[in-house]
Amino acid sequence: MPGLSDDLAGIDRLVHEPARLAILSALSAVKSADFLFLQRITGLTQGNLSSHLTKLEEAGLIWMDKRILNKRPHTDVGLSEAGREAIERHWVQLENLRRHARGTP
Amino acid sequence: MQEYERLRTAARQYPNLQGLRMIPFGVFILAIAPRDLGSNWLGGPGDCTFTLPMLLAAGGLWFLIGRYYKNTFGKVTPQTSPGRQVLESTGLGVGLVAVIVIENLWYRAWPGLPVSPIGLALAGLYLFLGVRDRRWYYTVFGGAMGIISLLPLFLGTTVGDPIFGTFGLVFSLVYGVGLVLTGLLDHFRLVRMLRPLDGGSYAGSE
């Protein structure tokens with residue numbers, strides 16, 4: 001049976017970072033969301049959100065669809081299959097960690 | 001953990017919390033309420049000279065307010081199928097307005113009924129939504145609609161009784177005010193769930 005140290009070692013740092021976890025959590029509840037909505041829901045600045053999205057896209061956890069709509073850039077973002085699995089796995093790991101920390105099996 | 005659950009809830013409920021879109025329909029229902037008192041400038045029941053353009057205007061505003069939400073808060077595609085999405089978005093607005101017309105015709109066709117079946121169905125719908133989405137004001141609205149629908153029964157009369165001739169008016173007023181208030185409360189709830197565009201709790205994290 002995996003212990004506390006195994007659970008800690010298994011945590012994906014890319015997913016666990018608070019801002020990225022916030023983005024992935026919001027995306028896990030929808031099919032896709034645009035850049036503005038992600039900014040409004042996380043409170044991140046444009047630059048910060050853009051940087052986190054790039055990291056998540058490079059890791060293959062999200063897909064991005066960048067277009068020009070009415071002469072303005074528009075970005076739609078959604079979770080990839082790998083991203084959906086990663087966030088689900090992360091919640092299970094966090095739950096395991098919490099159980100271990102409380103000493104419950 | 002709670003913060004991330006808040007994010008999930010806000011993203012999931014975003015399309016349903018665009019409450020300002022329901023206000024034109026609420027105002028429309030309030031505007032046509034005097035029609036239930038008989039013929040007046042609205043033309044009385046069945047006359048669509050004024051009510052149809054007003055309904056179309058409410059529908060137009062529904063779309064325009066939808067654009068406001070898209071430009072101000074962004075756009076979300078829910079996980080539900082496109083067919084269900086169209087059904088939910090158009091059905092909620094147009095369907096609920098149709099209810100008031102059906103109600104009007106119903107109690108004129110069957111004036112002996114001691115309850116309003118359409119009103120009870122609406123009450124059930126709002127109670128269900130209130131419990132499912134934890135929106136207490138929907139539960140209150142559903143309760144109010146339920147009481148109004150059962151009012152003739154409590155008074156020992158029928159929906160078509162001349163003594164209770166203003167049933168349609170009372171029903172429309174409660175329904176219209178309810179749509180406006182729940183719309184405003186939905187909007188305020190949405191604004192509280194989202195953050196201003198100046199950097200929030202995750203700002204600065206890398």
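The values are calculated or read from the model by the stated rules, or taken from the named source; none is laboratory data. Everything numeric here is computed off the predicted structure, so don't read it as measured data. Backbone-built Cβ (ideal geometry, glycine too); neighbour counts: all protein chains shown.
Between residues in the range B:120-131 that are under 16 Å from B:N16 (Cβ atoms) and residues that are of a type in the set (F, W, Y) and modelled with pLDDT of 90 or more, which pairs lie under 7 Å by C-beta distance while being six or more apart or on different chains?
B:Y126/B:Y138; B:Y126/B:F141; B:L129/B:Y138; B:G130/B:W136; B:G130/B:Y138
Go through (1) closer than 21 Å to B:Y68 by Cα; (2) at pLDDT below 90 for A:P2 and report which single condition fails.
Here A:P2 meets the rest and fails (1).
For the range B:132-143, enumerate the residues that are touching a residue at least 40 places away in the same chain (Cβ under 8 Å), over 13 Å from B:G178 (Cα atoms) and surrounded by fewer than 20 Cβ atoms within 10 Å (Cβ to Cβ).
B:D133 - this is the single residue of the range B:132-143 that is touching a residue at least 40 places away in the same chain (Cβ under 8 Å), over 13 Å from B:G178 (Cα atoms) and surrounded by fewer than 20 Cβ atoms within 10 Å (Cβ to Cβ).
Okay, residues lined up against (1) touching a Phe, Trp or Tyr at 6+ places or on another chain (Cβ under 8 Å); (2) touching a residue at least 24 places away in the same chain (Cβ under 8 Å):
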{"site": "A:T42", "(1), (2)": "yes, no"}
{"site": "A:G47", "(1), (2)": "no, no"}
{"site": "A:I62", "(1), (2)": "no, yes"}
{"site": "A:R67", "(1), (2)": "no, no"}
{"site": "A:H74", "(1), (2)": "yes, yes"}
